[in-house]
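The values are calculated or read from the model by the stated rules, or taken from the named source; none is laboratory data. Only a predicted model underlies this, so the values are computations on that prediction, with no experimental measurement involved. Here the Cβ positions follow ideal geometry from the backbone for every residue, glycine too, while neighbour counts run over all protein chains shown. We work out accessible area using only protein heavy atoms, side chains counted, and drop any ligands, DNA or RNA first. Shrake-Rupley method; radii C 1.70, N 1.55, O 1.52, S 1.80 Å.
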Amino acid sequence: MSDTIFRPYSESDALRSDRSAGDRQRHRQKVREAIRENIADVIAEEAIIGRSGDRIVKVPIRGIREYRFVYGDQQPGVGTGDGGTEPGQVVGKAGEPGQGQRPGPAGDQPGADYYETEISLEELVDIMFEDLELPEMERKRLREIPVESERRRKGFRRAGVRAHLDRKRTARSRIRRKIARGQGNGGDADSDRRDEGDEPNRFPFHPEDLTYKRLVRDEVPHSNAVVVCIMDTSGSMDTLKKYLARSFFFLLHQFVRTRYQNVEVAFVAHDARAREVSEEEFFQKGQAGGTLISSGYEKALEIIDERYHPSLWNIYAFHCSDGDNWPSDHDRAIETAGELCTVANLFGYGEIKPLNSRHYGSSMLEVFKGLDAPNFQTVKVERKEDLWPGFRALLSKEGTEASRS
Amino acid sequence: MATDWSIEDLKRWDERIREVADGFGLVLRGQEFEVCGQSQMLGYMAYTGMPAHYPHWSFGKRYEKLKTLHHYGLTGLPYEMVINSDPALAYLMRDNTLCQQILTIAHVYGHNDFFENNFHFRQVPMDLTVSRFKLRAERIRRYVEDPSIGLEQVEEVLDAAHALSLHLRRNPASRKLTRAEQEVRAVEQATPRRDPHRSIRTPEERQDVDLTRVPLEPEEDILLFIRDHNPYLSEWEKDVLTIVHEQARYFLPQIETKIMNEGWATYWHHRILNALRLPEDLHMEFLVHHNQVIRRDPHGVNPYHLGFVLWHEIRREAAEEPGQPGMVDSPRLAEAGGDRLPGEEKIFEVREVDRDVSFLRRFLDEERMRALDLFEYERKGKELIASRVADPDQWKAVKETLLRQTGMGSVPVIRIHDADLGRSGTLHLRHEHDGRDLDPDYARESLKRLQRLWGRPVVLDTKVKGEPLRMSFDEEQGFAKAAS
């Protein structure tokens with residue numbers, strides 16, 4: 001009879017054993033590809049505005065399943081009870097772990113695929129930027145939130161407090177002066193020692209040598225901003241619309257974040273009436289029929305009045321709509337939009353009409369031509385490629401009023 | 001990580017365990033244990049236990065999944081992994097306690113004996129298992145590194161081959177007939193038998209046989225058939241198909257004997273650890289782990305549990321039969337057999353000849369099903385509802401449901417019927433429908449992968465809700481389905 005061999009644990013083998021690294025990377029790559037293909041679905045369903053970048057989101061994945069011929073999931077299963085199970089008894093919930101574990105070596109079981117993966121929000125935003133074809137420079141700008149520092153160094157000066165003395169430069173300046181006087185560079189130890197006792201050779205620091213670091217207060221404004229997202233939820237929000245609207249609001253929020261220290265977001269959903277909601281609710285279809293755009297603006301003004309006074313807050317408002325409005329409301333809408341323009345740094349109106357969608361006859365773009373404000377901009381988005389140029393156009397108006405605060 | 005054991009401790013315990021195992025009459029081959037760390041263990045598990053395995057993203061996926069499960073503490077037995085090779089290879093996790101190591105070693109010897117003695121494992125050459133896997137890995141790596149092939153192409157063929165790997169001959173014990181033998185058989189079957197009453201009866205007519213047909217008899221080995229009959233495949237593609245087939249072939253007996261094998265190992269670790277007379281603290285810890293291993297699964301059948309219970313029951317029943325006095329019939333057992341329990345002869349015999357389906361068919365009777373409280377459930381909306389329980393009217397139906405999903409029963413039977421349907425080079429397959437419909441999405445995608453390998457159109461006949469359905473995939477027209 002043969003005997004038994006024990007192989008002890010070895011560190012080097014443990015290192016070698018990270019052989020799955022390549023396959024994990026490849027899998028990760030496939031996951032990313034799959035997400036990119038479905039980015040519209042993912043963003044449309046995921047709350048991303050104003051969330052932290054390391055938040056982990058669960059993303060459903062198609063395309064990285066391991067396909068085989070398998071039986072459908074309507075097949076009955078067999079379970080093991082703890083005695084006295086009766087027909088008709090509820091024995092569990094569908095999709096619980098452990099369900100459908102059938103005999104067979106691990107992994108060789110078909111049908112045990114999982115369809116969700118986890119990804120950080122930051123990675124998701126990366127993929128979204130790629131999908132929207134944002135120029136590389138802009139991506140970086142929108143992604144980087146400047147680190148707040150009270151002061152930073154900027155150059156040198158002759159006068160200053162002792163604590164800011166730059167010793168190295170001061171010493172260098174003295175040596176420079178010494179050389180200019182033709183007394184040698186004075187660098188060797190001998191001459192220095194002689195300096196101590198030998199009065200004529202002494203070469204002291206001169207006030208001119210003293211160099212101080214110059215510190216400036218950082219230019220980052222210590223200010224507050226609020227992004228007011230207004231959306232018409234009366235029409236049906238399909239995936240593409242949700243994706244476009246959400247990305248637009250997201251870009252605006254990211255943009256505002258790069259400029260202000262404290263940024264808040266408010267969501268106003270309206271149909272014929274307006275209410276303030278959370279981001280999750282924001283993208284759900286409203287109940288009532290009919291559309292009164294002015295109701296959304298009034299609600300936004302109300303919120304601004306209550307919580308975000310224009311003297312303390314920079315206000316960015318944006319309204320997404322499919323362009324439908326009751327004609328009788330047009331005048332009121334222009335009036336309230338005008339009011340919004342006076343309090344906001346920037347007010348934008350975006351009409352999202354995917355090309356293949358049912359085309360409503362009406363469009364507010366015409367109506368808003370009657371509104372003449374330098375910080376107002378309308379954007380028309382028919383496909384996702386329009387998003388970035390539209391966003392740019394919106395921001396171009398921002399300069400006109402940015403100095404206001 | 002501090003451990004409460006050293007390699008010397010393990011060797012000492014191993015000696016005692018082997019002594020006890022020999023005494024019980026387990027017939028063991030050589031055994032190797034490798035002590036490994038946690039991430040190494042996850043690595044081995046992701047690659048089906050093999051120290052060397054060809055690369056494919058699905059193993060990366062499996063690793064991530066295992067890691068998540070492990071993180072949430074959902075994996076049942078993170079320490080048990082045995083490879084059917086000679087000597088058998090098993091892993092011991094460094095972070096486990098002494099008790100867990102003893103339990104694992106005893107459990108592994110159960111598998112060792114099963115691999116060595118069960119009939120179904122004789123079909124697989126096991127002496128070179130590890131090096132075979134390694135050689136295959138090297139071959140695949142070479143194709144990946146070959147600039148004229150590359151990762152993308154190899155991956156595509158592997159993806160497609162994986163989709164079909166479990167469609168292989170299920171009973172390797174019966175020899176596959178050669179083409180010539182199949183022809184003889186076909187002619188024989190078509191020729192009318194000699195009729196003793198030919199003087200009073202009109203003779204049967206001789207039927208025509210088409211001996212040009214490929215395949216002559218429905219073919220189960222899909223990958224091999226494609227390899228041999230698609231002239232457009234390059235040599236490396238054929239090699240990839242061979243590799244995937246051989247690996248699936250290696251796992252077939254393990255799929256077919258999961259319940260018996262795990263049950264057997266659990267039965268013997270239980271017997272061995274009780275015979276070791278462990279110190280009380282170790283014994284208590286052992287009981288905790290043992291109960292963990294055999295916990296019942298409310299949404300499935302835990303093979304450790306079911307197997308363990310059945311082996312016990314079979315032994316108990318055999319012991320009660322008259323004329324079964326723990327008898328001993330071989331000289332080697334005569335010297336060791338003193339330690340055996342009455343009736344244990346019977347389970348040794350069963351472990352040699354059965355596989356899960358026959359094992360359950362023979363030994364899972366109404367009484368045992370009721371004692372196990374096995375029930376059938378169906379999905380209704382979001383809830384799982386018990387539809388049948390093991391009562392006198394329904395237990396047979398519950399048992400049939402269980403048998404159907406046991407072993408290879410969970411893989412649909414799909415055979416190649418014609419390689420040249422309608423003289424267009426179309427590959428014609430038929431799903432042997434047994435009342436269970438295929439998952440339509442998975443079928444469509446699998447068909448697409450099949451077409452990638454075959455290179456010409458593929459057609460699959462199946463049934464959906466009782467109606468015949470023909471699915472097809474064609475490079476130009478894509479997927480189509482029609483009532484047939």
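What to note about this one:
- Test: residue in region B:280-288 that is in contact with a Leu (Cβ under 6 Å, 6 or more places away or on another chain), under 26 Å from B:Glu15 (Cα atoms) and at pLDDT 90 or above: yes
- Options B:Pro203, B:Pro218; residue that is in contact with a Lys or Arg (Cβ under 6 Å, 6 or more places away or on another chain), open to solvent by 60 Å² or more (accessible area, probe 1.4 Å), of a type outside the set (S, T, N, Q) and closer than 21 Å to B:Val187 by Cα: B:Pro218
Let's see how each residue does on (1) more than 10 Å from chain A (Cβ to nearest Cβ); (2) crowded, with 23+ Cβ neighbours inside 10 Å; (3) in contact (Cβ under 8 Å) with a residue 12 or more places away in the chain:
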site: B:Asp4; (1), (2), (3): yes, no, yes
site: B:Glu8; (1), (2), (3): no, no, no
site: B:Gly30; (1), (2), (3): no, no, yes
site: B:Pro87; (1), (2), (3): no, no, yes
site: B:Leu92; (1), (2), (3): no, yes, yes
site: B:Ile102; (1), (2), (3): yes, yes, yes
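- Any pair with Cβ under 6 angstrom, 6 or more apart, that starts in region B:346-371 at a residue that is within 12 Å of B:Lys399 (Cβ to Cβ) and ends at one that is open to solvent by 20 Å² or more (accessible area, probe 1.4 Å) and part of a helix (DSSP H, G or I): B:Glu366/B:Trp395; B:Arg368/B:Glu313; B:Met369/B:Trp395
- Contacts under 7 angstrom Cβ, first residue in region A:169-184 being open to solvent by 40 Å² or more (accessible area, probe 1.4 Å), partner of a type in the set (D, E, K, R), 6 or more apart: A:Arg174/A:Asp209; A:Arg177/A:Asp209
- Any hit, region A:350-363, residues being surrounded by fewer than 18 Cβ atoms within 10 Å (Cβ to Cβ), in the same structural domain as A:Tyr316 (by TED's automatic domain parsing) and either modelled with pLDDT of 85 or more or in a helix (DSSP H, G or I) (or both): no
- Qualifying residue in region A:59-79 (condition: at pLDDT 70 or above, more than 7 Å from every other protein chain (Cβ to nearest Cβ) and part of a strand (DSSP E or B)): yes
- Flag for B:Val240 being in contact with a Ser or Thr (Cβ under 6 Å, 6 or more places away or on another chain) and of a type in the set (Val, Ile, Thr): no
- Within region B:243-298, tally of residues that are of a type in the set (Asp, Glu) and within 30 Å of B:His56 (Cα to Cα): 3
- Taken over region A:372-396, the criterion of being part of a loop (DSSP other than H, G, I, E, B) and either out of contact with any helix residue (DSSP H, G or I) (no Cβ under 6 Å at 6 or more places or on another chain) or open to solvent by less than 30 Å² (accessible area, probe 1.4 Å) (or both) is satisfied by A:Asp372, A:Ala373, A:Asn375, A:Glu382, A:Arg383.
- Among all residues of region B:14-23, there is at least one that is in contact with a strand residue (DSSP E or B) (Cβ under 8 Å, 6 or more places away or on another chain) and under 29 Å from B:Leu341 (Cα atoms).
- Of the residues making up region B:372-408, those that are within 21 Å of B:Pro298 (Cβ to Cβ), within 9 Å of chain A (Cβ to nearest Cβ), in a helix (DSSP H, G or I) and not polar (S, T, N, Q) number 5.
- Scanning region B:32-57 for residues that are in contact (Cβ under 8 Å) with a residue 60 or more places away in the chain and at the interface with another protein chain (Cβ under 7 Å from one of its Cβ atoms) yields B:Phe33, B:Thr48, B:Pro55, B:His56, B:Trp57.
- Restricting attention to region B:249-275 and to residues that are among the aliphatic types (A, V, I, L, M) and open to solvent by less than 10 Å² (accessible area, probe 1.4 Å), the residue that is farthest from the other protein chains (Cβ to nearest Cβ) turns out to be B:Leu273.
- Residue, most open to solvent (accessible area, probe 1.4 Å), within region B:432-471, restricted to residues that are in contact (Cβ under 8 Å) with a residue 40 or more places away in the chain and not charged (D, E, K, R): B:Gly455
- Summed over region B:302-316, residues that are open to solvent by 10 Å² or more (accessible area, probe 1.4 Å) and touching a Lys or Arg at 6+ places or on another chain (Cβ under 8 Å) total 6.
- Any hit, region B:449-462, residues being at the interface with chain A (Cβ under 8 Å from one of its Cβ atoms) and of a type in the set (Val, Ile, Thr): no
- Conditions (1) farther than 30 Å from B:His120 by Cβ; (2) acidic (Asp, Glu); (3) not in a loop (DSSP other than H, G, I, E, B); number of the one not met by B:Glu367: (1)
- Restricting region A:277-326 to residues that are of a type in the set (Phe, Trp, Tyr) and in a loop (DSSP other than H, G, I, E, B), the residue that is surrounded by the most Cβ atoms within 10 Å (Cβ to Cβ): A:Phe283
- Meets criteria (more than 23 Å from B:Leu216 (Cβ to Cβ) and among the charged types (D, E, K, R)) for B:Glu432: no
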